[in-house]
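Visitor: Before I ask anything, here is the structure I am working with.
The values are calculated or read from the model by the stated rules, or taken from the named source; none is laboratory data. Not measured: the values here are computed from a predicted model. Every residue, glycine as well, gets a Cβ built from its backbone with ideal geometry; the counts of neighbours run over all protein chains shown. Only protein heavy atoms, including side chains, enter the accessible area calculation; ligands, DNA and RNA are left aside. Shrake-Rupley method; radii C 1.70, N 1.55, O 1.52, S 1.80 Å.
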Protein chains: 2
Amino acid sequence: MSSFLFTIAGECGAARSGVFTTPHGEVATPAFMPVGTLATVKALDPSELTAMGATMILANAYHLHLRPGDDLVKEMGGLHRFMRWDGPILTDSGGFQVFSLPTLRKITEEGVEFQSHIDGSRRFFTPETVIRIQQNLGADVMMQFDHVIPGQSEENLARDASERSIRWAARCLGEFERTAAESSGADGQPQALFPIVQGGIHAHLRSEAARTLTDMHDWHGFGIGGLSVGEEKPAMYGILDMIGDHLPRGRPRYLMGVGFPEDIIEAITRGVDLFDCVAPTRMGRNGAAFTRDGRLNIKRAEYRNDPRPLDEACDCAACARFSRAYIRHLFVSDEILGHRLLSLHNVHFLLSLARTARHEISSGNLDAWSLEWLARYHSTSSAQ
Amino acid sequence: MSSFLFTIAGECGAARSGVFTTPHGEVATPAFMPVGTLATVKALDPSELTAMGATMILANAYHLHLRPGDDLVKEMGGLHRFMRWDGPILTDSGGFQVFSLPTLRKITEEGVEFQSHIDGSRRFFTPETVIRIQQNLGADVMMQFDHVIPGQSEENLARDASERSIRWAARCLGEFERTAAESSGADGQPQALFPIVQGGIHAHLRSEAARTLTDMHDWHGFGIGGLSVGEEKPAMYGILDMIGDHLPRGRPRYLMGVGFPEDIIEAITRGVDLFDCVAPTRMGRNGAAFTRDGRLNIKRAEYRNDPRPLDEACDCAACARFSRAYIRHLFVSDEILGHRLLSLHNVHFLLSLARTARHEISSGNLDAWSLEWLARYHSTSSAQ
């Protein structure tokens with residue numbers, strides 16, 4: 001029996017609630033996965049993530065390969081042990097990062113040559129090397145190496161990148177299966193490999209990619225990549241509207257790099273199960289907080305003596321104790337605790353949002369809830 | 001009956017263990033007080049301090065007067081409520097900060113004129129204004145405004161500053177008593193005022209100051225200022241050797257701005273009860289950790305793959321979970337969690353050191369323990 005399993009618990013329109021089982025534990029879906037690019041969710045302690053109910057987190061193969069090195073992580077017992085996260089972990093393959101480098105890359109069918117953003121050293125990523133890197137890291141779920149393009153790319157470029165991504169998925173799978181005897185993670189646990197559906201904003205490329213990948217192998221789950229990378233929101237929602245029909249119902253769907261609260265809700269109603277995004281911690285370090293009434297910039301003078309919590313309905317460890325006035329003071333004074341509290345609040349906000357959506361799916365009330373939630377979020381952002 | 005009380009539980013030579021009772025709780029002494037200059041112990045959450053057994057913390061009147069303003073802190077319910085620290089707090093008067101400003105100050109008998117280091121605005125601190133600022137902040141213990149001089153200052157300067165500090169102590173007391181009806185802290189709790197013994201490295205100035213202050217009023221405790229500010233260590237220890245004889249036995253003695261582990265031990269054996277220092281958090285942010293074997297610089301290459309905790313005998317939340325290799329990675333990558341973990345470890349180290357000393361005083365074994373501890377700390381700093 002496989003160490004990976006996805007069971008659907010409830011459905012509501014296209015939306016699903018379920019449980020994704022991994023060697024390091026279960027993930028109730030829909031779920032937001034906090035991002036720990038460099039084996040740390042920025043500003044937070046693993047114990048805080050656990051207390052907030054985070055189940056699965058992300059780390060990044062590109063960044064960890066460069067620093068501290070996937071070989072070192074392996075030597076230290078793998079990512080779970082290194083960063084002391086006992087729950088499930090997913091590693092992004094580095095495709096997004098490599099293709100986001102401003103210059104210094106050469107893309108061939110074999111792979112991508114680039115220079116490290118840290119020391120300028122020349123590196124070469126192929127589907128095969130990226131599998132080996134992720135085996136060294138030992139996350140529960142590895143992602144294929146994919147060819148990522150800007151969100152508004154026209155069809156020829158999108159087709160080329162999508163077809164290359166499909167060929168690279170096959171090579172990743174080949175390497176994964178070739179090394180099966182040794183392919184369990186650094187801590188001895190089995191790993192799963194997810195392919196990534198590309199195709200830009202072109203529905204027929206997306207359906208073609210989804211079908212080809214589905215036919216290629218019985219994957220444990222699917223990534224949906226190349227969205228929220230510059231295209232218009234309706235274009236993203238349009239792809240999400242159609243893609244589910246072309247993916248097996250019984251496998252989790254992971255919308256990569258998304259997102260903001262409104263995107264998460266829109267995607268859940270369209271059948272997405274897993275999310276990740278750096279926004280909650282990045283925005284948190286910049287002084288922006290998610291609230292039910294839109295985003296709040298804590299540095300604004302109006303919060304100088306505001307005794308209220310960031311969001312009066314929030315039960316996170318920041319809102320339970322601290323006033324906007326105090327957190328504003330921390331930001332104005334550039335105190336680390338300010339970064340901690342807003343990062344914690346924002347991550348909690350998205351974890352809590354996914355939990356609530358899960359509940360609303362089970363009770364069959366997702367559509368009414370999501371409409372009301374989105375209306376409030378979009379309408380009252382100046383009502384703070 | 002007073003809200004402030006100091007009871008001595010045990011003695012061992014000049015050293016004492018005791019309990020300092022304040023309106024916000026008891027402090028078992030000897031005790032290290034973590035420093036929260038701007039109403040936050042840098043990089044740490046109050047809940048972490050509580051979990052580590054911190055009882056009393058420090059904040060700074062100079063810094064909080066400038067930002068966010070003591071008036072705002074009062075409006076928000078006082079320092080305890082603002083920063084969510086329910087235990088005892090002591091505020092330093094700002095004397096040390098004002099006299100440390102590199103330029104832009106004019107010292108008269110009336111007070112000190114200076115420019116804010118934040119916006120350059122002109123400010124004037126007097127013994128009276130500093131009392132009002134600290135009443136707005138509402139800490140349990142306020143410190144008098146004192147005249148601080150460099151550690152090696154010659155006798156005339158030291159005498160001048162010490163005598164001015166004594167006159168300012170009288171003015172602080174006058175203002176404190178004049179405003180008695182309204183002098184309870186911002187949260188309605190009574191406050192205590194400690195004078196500060198100055199006199200540089202000149203024993204007869206120190207004894208004169210201690211006696212004059214003792215005769216002036218029945219204070220709830222005494223600060224010992226102007227040490228660890230550039231003088232040689234033997235000079236500091238020499239003053240500590242003699243000063244206790246000139247202070248009332250039944251009042252806590254607070255050695256301001258000290259210190260490092262070795263200084264804390266040396267001072268405890270000489271009868272000091274309370275300590276504060278920014279070193280554990282400042283060093284923590286710079287990558288230095290206290291260990292029983294001396295200081296460890298976590299950025300060094302030798303820790304790259306070191307699976308051991310910072311200090312194998314430490315039971316802090318960092319050492320209980322994380323390897324040197326991981327913490328080094330966090331520092332090399334400039335991750336906030338690195339700053340958090342080393343700050344937490346270092347503060348825990350000093351809290352724990354004071355607790356152990358207290359235990360050794362009770363069991364009559366302080367001298368043997370302190371000699372052994374210091375020998376190991378000084379001898380093996382390269383044995384990491």
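Visitor: Shortest first, in nm, what separates the label point of residue A:307 from those of the same position in the other copies (7 Å along Cα→Cβ)?
Guide: Result for residue A:307, in nm, nearest copy first: 5.4.
Visitor: With the full set of protein chains in place, find how many percent of the accessible area of segment B:234-282 is carbon and sulfur; take the probe as 1.4 Å. List each step's numbers first, then the result.
Guide: Working: 680 of 1350 Å².
Roughly 50 percent, rounded to a whole number.
Visitor: Separate question: Can you name the residue in chain B whose Cβ lies closest to the B-to-A rotation axis, and give that gap in whole Å?
Guide: Per the Cβ-to-axis criterion, the result reads B:336, 3.
Visitor: Continuing with this model, one more query. From zero outward in steps of 20 Å, how is the percent of C-alpha pairs of the protein assembly as shown spread across the bins?
Guide: Pair shares across the bins are 16, 41, 28, 14, 1.
Visitor: Only four residue types carry charge here, +1 at the Cβ of Lys and Arg and -1 at the Cβ of Asp and Glu. Report the dipole size of segment A:205-357 about the Cα centre in Debye, rounded to the nearest 20.
Guide: Around 540 debye, computed over segment A:205-357.
Visitor: Taking every pair of alpha-carbon atoms in segment A:181-318, give the share separated by more than 27 Å as a whole percent.
Guide: Values: 3610 of 9453 pairs.
Counting pairs separated by more than 27 Å, the tail of P(r) holds 38 percent.
Visitor: May I pose another question? Tell me, Kirkwood radius of segment A:67-118 from alpha-carbon pair distances, in Å?
Guide: Radius from the Kirkwood sum: 13.2 Å.
Visitor: Hand me the GluC sites (Glu not before Pro) from segment A:199-274 located in a DSSP loop with no more than 12 other Cβ atoms within 10 Å, in residue order please.
Guide: Answer in residue order: A:232.
Visitor: What percentage of all Cα-Cα pairs in segment A:316-356 are separated by more than 15 Å? Numbers along the way, then the final one.
Guide: Details: 324 of 820 pairs.
Tail of P(r) above 15 Å: 40 percent of Cα pairs.
Visitor: Which values, in whole Å and largest first, are the semi-axes of the equivalent ellipsoid of segment A:299-384 obtained as the square root of 5 times each eigenvalue of the Cα gyration tensor?
Guide: Semi-axes from the Cα gyration tensor: 28, 15, 9 Å.
Visitor: So in segment B:33-121, what percent of DSSP beta bridges are antiparallel if you round to the nearest 5?
Guide: Percentage antiparallel, nearest 5: 40.
Visitor: Quick one: angle between helix A:233-243 and the longest Cα principal axis of chain A, in degrees between 0 and 90, rounded to 10, please.
Guide: 50
Visitor: Please report, in cubic angstrom per residue, the volume enclosed by the convex hull of the alpha-carbon atoms of segment B:1-77.
Guide: 136
Visitor: Here's another thing I want to ask about it. Hey, can you find the accessible area per residue of chain A for me, probe 1.4 Å, expressed in square angstrom?
Guide: So chain A comes to 36 Å² accessible per residue, rounded to a whole number.
Visitor: Something else now. Along each of the three principal axes of the Cα atoms of segment A:57-216, give the extent in whole Å, ordering the values from largest to smallest.
Guide: Over segment A:57-216, Cα extents along the principal axes are 45, 37, 26 Å.
Visitor: For segment B:234-384, what value does the Rg/Rh ratio take when both radii are computed over Cα atoms and Rh is the Kirkwood radius, given to two decimals?
Guide: Working: Rg = 16.6 Å, Rh = 16.3 Å.
Rounded to two decimals, Rg over Rh is 1.02.
Visitor: Ordering A:241, A:273 by how much accessible area each has at a 1.4 Å probe, largest first, what is the list?
Guide: Values: A:241 95, A:273 0 Å².
Final ranking, largest accessible area leading: A:241, A:273.
Visitor: With a 1.4 Å probe on protein heavy atoms only, work out how much accessible surface A and B bury together, total over both chains, in Å² to the nearest 100.
Guide: For chain A against chain B, roughly 3300 Å² becomes buried.
Visitor: Shifting gears a bit: Among DSSP beta bridges lying fully in the protein assembly as shown, give the percent that are antiparallel, nearest 5. Working shown, then result.
Guide: On the way: 46 of 88 bridges.
Of all bridge pairs located within the protein assembly as shown, approximately 50 percent are antiparallel.
Visitor: Where Rh denotes the Kirkwood radius from the mean inverse Cα pair distance, what is Rg over Rh for segment A:132-174?
Guide: Rounded to two decimals, Rg over Rh is 1.09.
Visitor: So how exposed is residue B:24, as accessible area in Å² (1.4 Å probe, rounded to 10)?
Guide: 40
Visitor: Just reorder A:369, B:168 by solvent-accessible area, largest first, 1.4 Å probe, all chains present.
Guide: Output order, biggest surface exposure first: A:369, B:168.
Visitor: Determine, from the Cβ-Cβ distance of residue A:320 and residue B:215 and an R0 of 35 Å, the FRET efficiency 1/(1 + (r/R0)^6), rounded to the nearest 0.05.
Guide: For R0 = 35 Å, the calculated efficiency reads 0.10.
Visitor: With runs of 4+ DSSP H residues as the only contributors, calculate the mean residue ellipticity of chain A at 222 nm using -39,500 (n - 2.57) per run, divided by the residue total and rounded to the nearest 500. Intermediate results must be reported in sequence, preceding the final value.
Guide: Working: 14 runs with 155 residues, N = 384.
Per the formula, -12000 deg cm²/dmol.
Visitor: Please report, for residue B:233, the nm distances (one decimal) from its label point, 7 Å out from Cα along the beta-carbon direction, to the equivalent points in the remaining copies, shortest first.
Guide: Once sorted, the set of distances for residue B:233 reads 6.3 nm.
Visitor: Another question, if that's okay. Pairwise over distinct Cα atoms, reciprocal of the mean inverse distance: report the Kirkwood radius of segment B:88-150 in Å, one decimal place.
Guide: When all Cα pairs of segment B:88-150 are included, the Kirkwood radius is 12.2 Å.
Visitor: Just the ratio, please: alpha-carbon radius of gyration of segment B:114-205 over 2.2 N^0.38 Å, N its number of residues.
Guide: 1.22
Visitor: Work out how far the C-alpha atoms of chain A reach from end to end along every principal axis, then list the three figures in whole Å, largest first.
Guide: Dimensions of chain A along the principal axes of its Cα atoms: 61, 45, 43 Å.
Visitor: Name the lysines eligible as straight-distance cross-link partners of residue B:299: C-alpha to C-alpha under 28 Å, and not fewer than 8 places from it in the same chain.
Guide: Reachable lysines: A:42, A:74, B:42.
Visitor: Please work out the Cα convex hull volume for segment A:223-301 and give it in Å³ per residue.
Guide: Values: hull volume 8.0 nm³, N = 79.
Enclosed volume per residue, from the Cα hull, is 101 Å³.
Visitor: Follow-up question, since we're still on this one. Looking only at other chains, what is the average number of their beta-carbon atoms within 10 angstrom of each beta-carbon in A:318-326? Could the numbers behind the result be given before it?
Guide: Numbers: counts 1, 0, 1, 5, 5, 5, 0, 7, 9.
If you average over the peptide's residues, the count of other-chain Cβ atoms is 4.
Visitor: Report the gain in length on full extension from residue A:178 to residue A:313: 0.36 nm times residue separation, minus Cα-Cα distance, nm rounded to one decimal.
Guide: So the chain would gain 43.5 nm between residue A:178 and residue A:313.
Visitor: Here is a further query. How high is the relative contact order of chain A? Use alpha-carbon pairs under 8 Å, at least six apart in sequence, and give a whole percent.
Guide: 17
Visitor: Tell me, what is the Rg over Rh of segment B:151-262, with Rh the Kirkwood radius over Cα pairs?
Guide: Rg divided by Rh gives 1.00.
Visitor: In nm, what does the list of distances from residue B:122 to its counterparts in the other copies look like, shortest first, when each label sits 7 Å along Cα to Cβ?
Guide: Relative to the other copies, residue B:122 has label-point distances of 6.5 nm.
Visitor: Show A:110, A:335, B:155, A:360 ordered by accessible area, largest first, where the area counts protein heavy atoms only and the probe is 1.4 Å.
Guide: Descending accessible area places them as A:110, B:155, A:360, A:335.
Visitor: I'd like the accessible area for residue A:278, computed on protein heavy atoms only with a 1.4 Å probe and all protein chains in place. Round to 10 Å², please.
Guide: Approximately 50 Å² for this residue.
Visitor: Residues with beta-carbon under 12 Å from that of residue A:192, excluding residue A:192: net charge, scoring Lys, Arg +1 and Asp, Glu -1?
Guide: Net of charged neighbours comes to -1.
Visitor: Then there's this: I'd like the accessible area for residue A:129, computed on protein heavy atoms only with a 1.4 Å probe and all protein chains in place. Round to 10 Å², please.
Guide: So the heavy atoms of residue A:129 present about 50 Å² to solvent.
Visitor: Tell me, how many Å apart are the Cα centres for segment A:358-380 and for segment A:273-289?
Guide: After rounding, the separation between the Cα centres reads 21 Å.
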